[in-house]
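The structure appears right after this line, and notes come after that.
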Amino acid sequence: MEIFGKIADLKRKGETFALATVVSRQAPVSSHLGDRALVFEDGRFEGYIGGSCSREIVRKQALEVLRLGRPRLVKITPEAAARVVLEHADEVVIPMTCSSEGAVDVYIEPIVSKASLLIVGGSQIALATAQIAAQMNYSVTLACEMPELAGVRLESEIQVLDWRDIEGWLVGQNPTKTRIVIASQGHYDEDSLALIAKQMPNPAYLGLVASRKRGISVLDNLEILGIPKTTFPKLKYPAGLDLGGRGRDEVAISILAEIILLGGGKQIAGDGRQAKEVVQETPSIGQSASALPINPPATNQIVQAVEAAAAELPAIAQPRALGSDFAVDPTSGEVLEIARAVSAEYQGQTYYFSCPNCRARFLKNPDQYLRGKV
């Protein structure tokens, strides 16, 4: 396959790789101007940029480029024997060890494809997570009930589909580049996980926005449907790091921080609370991992980066102009179809809820949910 066609195909598949191009040469060398090669994250090398000496130098430098996420010009020359290679420089000079004494300059650029993030649900947590992730290096898809988006303004980059179409969407995705967050908050958790089980039960990340108790209940319900609990070895519930926040945006930030940590080679302990370094196999569901804690400053840096992305967003608009058949649950901000909701009276006004538990929480402390609302 012609190299530019190969690059286009790799981008469609969500692959990350480095493109090395010969931009200058001094004979005698075997490479020519414009020769190109692809170097992958696992060190695989496709293409031609010169003989074995240049090839191994370019491979090593390309992996460094991928690690840093910055392009660099690599000058391979016999005149550089006394030069120091700067690991973080945009330009490095490396001695040519081959006897030919030729020279070649290779420009290496990282091509980091956006990871796919599928968020299932139309809850306020789902919307906040989608909005923040769209400001980061993610290709975001929001799968929900269309009425849940009534009056909601989403970032233009966010793809929207009906949650029932998840299975078809997953067909063309790369599991190692796909992150999934289930945030329907009880509306179609089991149904969406059943669809995911058919196509991608083991994505790079799978999180369920639910309490520990609710998460266990979801797995029990799936088992009744014939889907074993072991189907989802990486399922995290509750999704997100335990950062102490309980608000919509805080939960969204904790979820994205967890996704970033896992993407950096970390594992999360079986209780879903504390981030851990990987030192053994992934624990089975409900078991804790025996592992070493992640460096807290590194975690803080990730959280701050996600918070910075969130700060760039305008406030997520509450749904408006819903029509007489819909209402907003004051405990979660979810859009509800009144005919399917439960209700309660408070100070002469009717409020609607997605479930009896939400209604009970509201009636226990209405001011907590109505504070600041007109």
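The values are calculated or read from the model by the stated rules, or taken from the named source; none is laboratory data. Computed from a prediction, not measured in an experiment: that's the story for all the values here. Cβ placement follows ideal geometry from the backbone for every residue including glycine, while neighbour counts extend to all protein chains displayed. The accessibility values were calculated without ligands, DNA or RNA, using every heavy atom of the protein model including side chains. Shrake-Rupley method; radii C 1.70, N 1.55, O 1.52, S 1.80 Å.
For the residues S113, S156, the requirement of being among the small types (G, A, S), open to solvent by 30 Å² or more (accessible area, probe 1.4 Å) and either farther than 30 Å from R70 by Cα or over 11 Å from the mean Cα position of the chain (by Cα) (or both) singles out S156. Is it fair to say R179 is surrounded by fewer than 19 Cβ atoms within 10 Å (Cβ to Cβ) and in contact (Cβ under 8 Å) with a residue 40 or more places away in the chain? So R179 does not fit the description; no. In the stretch 21-37, the residue that is least open to solvent (accessible area, probe 1.4 Å) out of those that are among the hydrophobic types (A, V, I, L, M, F, W, C) and farther than 17 Å from M96 by Cβ is A37.
In the stretch 61-68, the count of residues that are in a loop (DSSP other than H, G, I, E, B) and either open to solvent by 30 Å² or more (accessible area, probe 1.4 Å) or out of contact with any His (no Cβ under 9 Å at 6 or more places or on another chain) (or both) is zero.
Apart from one condition, R164 fits all of (1) closer than 20 Å to E334 by Cα; (2) without any contact (Cβ under 8 Å) to a residue 24 or more places away in the chain; (3) among the basic types (K, R); the exception is (2). In this structure, R25 does not satisfy being touching a Gly at 6+ places or on another chain (Cβ under 6 Å) and closer than 16 Å to L73 by Cα. With respect to being open to solvent by 60 Å² or more (accessible area, probe 1.4 Å), modelled with pLDDT under 90 and in a helix (DSSP H, G or I), E281 falls outside the description. As a summary of the residue check, L68 satisfies the conditions (1) of a type outside the set (G, A, S); (2) at pLDDT 90 or above; (3) within 29 Å of N202 (Cα to Cα) except for the one numbered (2).
Within the stretch 136-148, residues that are part of a strand (DSSP E or B) sit with their Cβ atoms under 8 Å from residues that are hydroxyl-bearing (S, T, Y) and open to solvent by less than 40 Å² (accessible area, probe 1.4 Å), at 6+ positions apart or across chains, in these pairs: Y138/S116; S139/S116; T141/S116; A143/S192; C144/S184.
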